[in-house]
Amino acid sequence: MAQTPAPKTAGLSVLQELLLLLAADYLNNDRTHAREIARLVADVLGEIEAPVNRDVPYASQPTTEIVDCTMGNWDGEPTEYSYEWHIDGIATGPSSPSSVRVLSPANVGHGLACVVTATNALGSTKAPMSNTVVVTV
């Protein structure tokens, strides 16, 4: 069986180079490029991590009916966010994908804050609790 020549990789991105080397080894049914593939995989994985919070989420009360929470700023390419609401420092229930908390009359005068969890393929990370908003009428 004829060997597929090593691909020329000058000017390619790391991922393109990795795909070409994997294809060459697959077509040759061998591991000729195993060392180079391992190095490239390590380079790619070294750039990816579970989310890391850079800026704490911020809560505000834009209307008398809701409190809203930003997601904050994250590194690590999060693919989803969940929001856990706290009243006077106590969690009010399970996390939700909604950044909006609908208020009830019982919330007036109490402090609401949120904790945002960011998730990607490598894990989940909770941000520190946001500022507290004292609910007004």
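The values are calculated or read from the model by the stated rules, or taken from the named source; none is laboratory data. What you are looking at is a predicted structure, and each value in this text was computed from that prediction instead of being measured. Neighbour counts are summed over all protein chains in view; Cβ atoms, including those assigned to glycine, are modelled from backbone coordinates with ideal geometry.
Considering region 87-105 alone, what residues qualify as being out of contact with any strand residue (DSSP E or B) (no Cβ under 9 Å at 6 or more places or on another chain) and not in a strand (DSSP E or B)?
104, 105
Touching a residue at least 40 places away in the same chain (Cβ under 8 Å) and surrounded by fewer than 18 Cβ atoms within 10 Å (Cβ to Cβ): does that describe residue 60?
When the stated conditions are applied, residue 60 passes them.
Across region 92-112, which residue is farthest from residue 65 (Cα to Cα) among those that are in contact with an Asp or Glu (Cβ under 8 Å, 6 or more places away or on another chain) and of a type in the set (A, V, I, L, M)?
100
Given the conditions (1) out of contact with any Gly (no Cβ under 6 Å at 6 or more places or on another chain); (2) surrounded by fewer than 16 Cβ atoms within 10 Å (Cβ to Cβ); (3) under 30 Å from residue 16 (Cα atoms), which single one is not true for residue 137?
The number of the failed condition is (3).
Pairs, please: C-beta under 8 Å, at least 6 apart or cross-chain, first residue under 15 Å from residue 119 (Cα atoms) and loosely packed, with under 10 Cβ neighbours inside 10 Å and in region 95-109, second modelled with pLDDT of 95 or more and of a type in the set (S, T, N, Q)?
Listed by first residue and then by second, the contacts come to 97/82.
Return the pair list, or none, for Cβ contacts closer than 8 Å from residues in region 66-81 that are touching a residue at least 40 places away in the same chain (Cβ under 8 Å) to residues that are acidic (Asp, Glu), at least 6 apart or on different chains.
Short answer, once both residue conditions are applied: 72/55; 76/49.
Name the residues in region 1-42 that are at pLDDT below 70 and in contact with an Asp or Glu (Cβ under 6 Å, 6 or more places away or on another chain), would you?
9
For residue 47, work out the one condition from (1) modelled with pLDDT of 80 or more; (2) loosely packed, with under 12 Cβ neighbours inside 10 Å; (3) among the acidic types (Asp, Glu) it doesn't fulfil.
(1)
Given the conditions (1) assigned to a loop (DSSP other than H, G, I, E, B); (2) in contact (Cβ under 8 Å) with a residue 40 or more places away in the chain; (3) of a type in the set (S, T, N, Q), and given that residue 53 satisfies all but one, which numbered condition is not satisfied?
With (1) assigned to a loop (DSSP other than H, G, I, E, B); (2) in contact (Cβ under 8 Å) with a residue 40 or more places away in the chain; (3) of a type in the set (S, T, N, Q) applied to residue 53, the lone miss is (1).
What number of residues in region 67-86 are assigned to a strand (DSSP E or B) and buried (at least 16 other Cβ atoms within 10 Å of the Cβ)?
Matching residues across region 67-86 total 10.
Need pairs with beta-carbon distance below 9 Å; first residue surrounded by 13 or more Cβ atoms within 10 Å (Cβ to Cβ) and modelled with pLDDT of 95 or more and within region 120-133, second assigned to a strand (DSSP E or B) and of a type in the set (Phe, Trp, Tyr); sequence gap 6+ or separate chains.
125/74; 127/74
Any idea which residue in region 99-137 is farthest from the chain's Cα centre (by Cα), counting only those that are small (Gly, Ala, Ser) and within 26 Å of residue 75 (Cβ to Cβ)?
113
Could you grab me the full set of residues in region 70-91 that are within 19 Å of the chain's Cα centre (by Cα) and on the phi > 0 side of the Ramachandran plot?
72, 76, 77, listed by residue number.
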